[in-house]
Each structure stands twice: as structure tokens, then as C-alpha cells.
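Every number here is computed from the coordinates shown, using simple stated rules; none is lab data. Just so you know, these numbers come straight off a predicted model, no measurement behind them. Cβ atoms come from the backbone with ideal geometry, glycine included; neighbour counts cover every protein chain shown.
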Amino acid sequence: MEKHNVSRLVGAPPGYVGYEEGGQLTERIRRRPYAVLLLDEIEKAHPDVYNMLLQIMEEGRLTDSFGRHIDFKNVILIMTSNIGADLIKNQAGFGFGKRTAEANYEKMKEMLQKEVERHFRPEFLNRLDDVIVFHALTKEDLTTIVEYELNKVFKRLTKQGYHLETAAAAKEFLIEKGYSSEFGARPLRRAIERYIEDPLSENILRGVFKDKNVIKIDVKDEDHLRFEGISKEQPKTKPAQAPVATAGTAKKEQKEEPVKPSEQ
């Protein structure tokens, strides 16, 4: 972030573009004082941003370019950081294995705390309520991520009349191909595109699954998945029939007309 972009958080100076619009940060908090503010990869921020955050955490307010005091006392401030990611890459294995998970986590936490103290100033760290170090992804976490991403593919293909069934071995295959100790679970999305979406698209365009409504996905070999199309009859729903009224029920449903008083 450049220095002139930092000033836009509280409002551009007079004579600059965007002066009438207010600050990108202060204006949003002024309109919605109860908010959650997320600052991703805070270690890349300009040093002036830290001074601004110090004022927020110390005084609970900021002054925008119009001279208004913006209250931050009802704002939850969350900052994320990738500090020490290179240390984790050199130390961690797959996230489950080798040492016990708890011992591995405690050692990782100790290293990251030292890196955080080396990067941020003490007056900034002393104003934080807590520093949380996340655990490494487990096998169950990765399986949940794979299922979540596959559901997106399933929903798109359902609109085309296909139902997908994925074997547990196929999910293990995607985890093995897509997980990276350096980049975490982000490569899983590319693995799903490469091993599932692209082959499925080619087979559908070639008409491989013509007259098929179910596609089963399983492992073929070390580098490929197998796609098998089958036909399954969908359960037929009987059309709803209107109830037939008998002579007895018809008489009960008839409403008696009110008797009009005779005119005198």
C-alpha cells in the first residue's frame, strides 16, 4: 500500500480526487458503527497504517478529513498474517503424521510468536487482545474442503440432468494431488479443475454420457480418475388427484343461507 492510499482511509486531502466522498474506512464505520473489520496480510501494510491502528486501539476513534470523530468502540478488528510461513514449510510435514499433532503445534506456535515479535513493534502487540495461531489442516478438514468444492460442480451438472457419485478413493486422490504444505489447501481447487471438471467437460461434449443420468467417479490409476456413466430410473411422482366429493360430503359442505327477516 502506497502512502497516498493510506490517507484515503480517512479521506482524501482537499484538492484531491475523492475529497467529497469521505474516507474509505471512516465513512463505512460512520454509517455502520457495529461492524467486523478484517485486514488481510497486515504485515504488508504501510507503516502509517500501524499508526492509524494504534489510534483506533488506544482511543477507539479516528478523525476523518472533514474533522468528524468516527467511533470505533463497537468494531471488532481482526488481522491476519502469513508471517513465518516459510518456517512452517520447512518444519511441517503433511499436517498429520511424524510427531504428535499437539507437540508439532506447540513448536510451530513458539516459532511464529518469535517472528511476530520480530516484525511488529511492542507498542502495537501490547494493544492486541490475543494472537491466535491456527492448527495445521487435518485429513478431515481437507476432506470437508474437497466435498464443499465438489458440491459446486455437482450443482452445475444437476442443471444439465446429471447426478455425480464420487467414491471415497477419488476424494483421497484429490487430496494427494491438491494439498501442498507450502500453499495449504488452495491448490485443491486447481486439482478439481484438472482431474474432474476438464475430463467431465470433454466427455460430455463428445457424447460419452449420452442417455446417461448418473456419473460415477473413481480412481483409475496414479494419475487419472475413471468416469462411468450409467442410467438410473428416477422415481416417478404420481400426479395429485383432486378429492372426489360424494353425495353425503357434498351436503355437509353446503352452507346454509341465512334467513332474511320478513319485511313488515
Zone residues, the stretch 123-140, relative to GLU102, backbone N less than 19 Å from point 7 Å out along Cα-to-Cβ: 133-139
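What is the magnitude of the charge dipole of the stretch 139-230 about its Cα centre, with +1 placed on the Cβ of each Lys and Arg, -1 on the Cβ of each Asp and Glu, and no other charges, expressed in debye to the nearest 20? Numbers along the way, then the final one.
Values: 17 positive and 18 negative charges, 96 e Å.
Value, rounded to 20: 460 debye.
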Alpha-carbon centroid distance for the pair the stretch 5-58 / the stretch 134-151, whole angstrom: 34 Å
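What's the FRET efficiency of VAL36 with THR158 using the Cβ-Cβ distance as r and R₀ = 30 Å, to the nearest 0.05? Let's see the in-between values first.
On the way: r = 34 Å, r/R0 = 1.13.
Calculated transfer efficiency: 0.35.
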Label-point separation in nm, VAL131 to VAL214, each point 7 Å along Cα→Cβ: 5.4 nm
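What FRET efficiency do you get for GLU59 and ARG28 if R0 is 22 Å and r is their Cβ-Cβ distance, rounded to the nearest 0.05?
Once rounded, the FRET efficiency stands at 0.70.
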Where labels lie 7 Å past Cα in the beta-carbon direction, separation of LYS139 and ASN74 in nm: 4.8 nm
Two-site label geometry, GLU115 and VAL6: point separation in nm, points 7 Å out along Cα→Cβ: 2.4 nm
